[in-house]
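Here, each number is a calculation from the coordinates, and none is a lab measurement. Just so it is clear, the model here is predicted, and its values are computed rather than measured. Neighbour counts run over all protein chains shown; Cβ positions are idealised from the backbone, glycine included.
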Amino acid sequence: MDFEYSDDQSLLKDSVDRFIQNNYGFEQRRKLVATDEGYSDKNWSQFAELGWLGMPFPEQYGGFGGTPVETMIVMEAFGTGLVAEPYLPTVVLGGGAILHGGSEEQKQAILPAVAEGKLKLALAFAERQSRYNLADVETSAKKDGGSYVLNGMKGVVFGAPSADKIIVVARTSGQSRDADGISLFLVDKDAQGLRVRGYPTADGLRAGEVYLDNVKVGADALVGEEGKGLPLLEKVIDHGIAAISAEAVGAMKALNDMTLEYLKTREQFGQPIGRFQVLQHRMVDMFIAHEEAKSMAMMAAMRVDEADETERKKAMSAAKVQIGKSARYVGQQGIQLHGGIGMTDEYAAGHYFKRLTMIDRSFGDTDFHLKRFADL
């Protein structure tokens with residue numbers, strides 16, 4: 001199998017890497033996440049100009065017809081810089097839901113605006129009681145003539161504070177945890193009865209709780225087929241898994257490089273601590289963990305569009321398990337080898353560890369995906 005990037009993919013990688021190097025130093029990032037928005041509108045506009053926001057969308061919708069491999073390239077570089085802009089919730093999750101399940105009218109209205117940087121999205125799928133079960137949905141959507149009325153609450157909605165529209169997962173029929181009866185609705189953030197309580201997450205990004213109190217939407221707000229939304233949601237979340245797997249690989253690479261440089265310069269007992277063999281062995285193990293994660297992230301990117309649903313899920317769960325294991329090991333060892341400085345907010349190592357920890361918990365942790373893989 002050929003793992004070499006094409007010429008266009010190599011140019012994309014060079015472009016994203018250069019942007020991170022020039023515009024996303026650690027101190028710059030700290031200032032961004034400390035603002036009310038938590039990211040830079042200027043950076044977001046540059047993402048649009050460079051074509052990254054439309055990368056996964058077909059050309060007829062203002063995109064570039066990219067594959068998950070292009071998304072992997074972008075997300076890996078974003079992991080290296082701990083990028084705070086809401087690329088995952090807008091392009092991968094929200095844009096993915098419209099791309100894979102939306103009507104032609106929805107695609108024409110939403111995707112070009114996303115690609116141009118004029119519209120941000122969020123996917124509200126989780127609830128307090130649902131844990132990682134995508135079918136555990138109690139938010140209701142009841143028919144009212146030709147409309148739907150939504151009631152309920154969605155938790156930890158990535159990118160919700162900055163989103164212009166929120167794709168809400170609600171139940172149109174059945175009982176909680178039934179596979180059937182789940183539907184997706186595109187809701188304006190300023191819709192009457194919708195309220196977002198935003199907050200920073202542990203890794204410095206932004207999420208929010210979304211409250212729906214008799215929010216009325218038209219039939220044209222339905223994304224996909226009524227009551228048959230679970231397969232669409234699972235597909236979108238699997239694309240999210242592939243994306244954050246690549247992001248984790250970038251974060252691990254940055255933390256490994258940072259740790260190696262620290263071992264070369266930090267002196268103890270009259271010599272750099274990197275000369276001690278036991279620490280060299282730890283660095284080798286960290287390198288191996290990163291390489292294992294990278295292999296699985298590449299596999300996830302190549303198989304996330306697998307036509308066989310079971311095979312796709314197995315591949316994503318296998319990747320998520322390895323990413324979780326590698327992220328924990330690299331993160332913990334990076335902090336250990338840095339000593340006390342690794343725990344300080346002024347130093348980058350702890351911020352990479354926080355992001356890696358959040359990635360492990362997003363879309364199902366290691367234990368959840370190990371069980372899902374075994375069940376499949």
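Things to note:
- Burial ranking of peptide ranges 283-295, 72-84, 309-321 (average Cβ count within 10 Å, highest at the top): 72-84, 309-321, 283-295
- Per-peptide packing, taken as the mean over residues of other Cβ atoms within 10 Å, places 89-99, 337-347 in the sequence 89-99, 337-347 from highest down.
- Two-site label geometry, residue 18 and residue 309: point separation in nm, points 7 Å out along Cα→Cβ: 4.4 nm
- Net +/- balance of residues flanking residue 33 in space, Cβ distance below 13 Å, scoring K and R +1, D and E -1: 0
- Helix 348-361 and the longest principal axis of the Cα set of the chain meet at an angle near 40°.
- With all pairs of different C-alpha atoms in the average, the Kirkwood value for the hydrodynamic radius of region 7-119 is 14.3 Å.
- Centre separation in Å (Cα based) which lies between region 32-47 and region 212-265: 19 Å
- Counting charges near residue 212 (Lys, Arg +1; Asp, Glu -1) among other residues having Cβ under 15 Å from its Cβ returns a value of +2.
- Each stretch of four or more DSSP H residues adds -39500 (n - 2.57); spread over every residue of the chain, this sum gives -16500 deg cm²/dmol at 222 nm.
- Against the main long axis of the alpha-carbon atoms of the chain, helix 277-303 sits at an angle near 30°.
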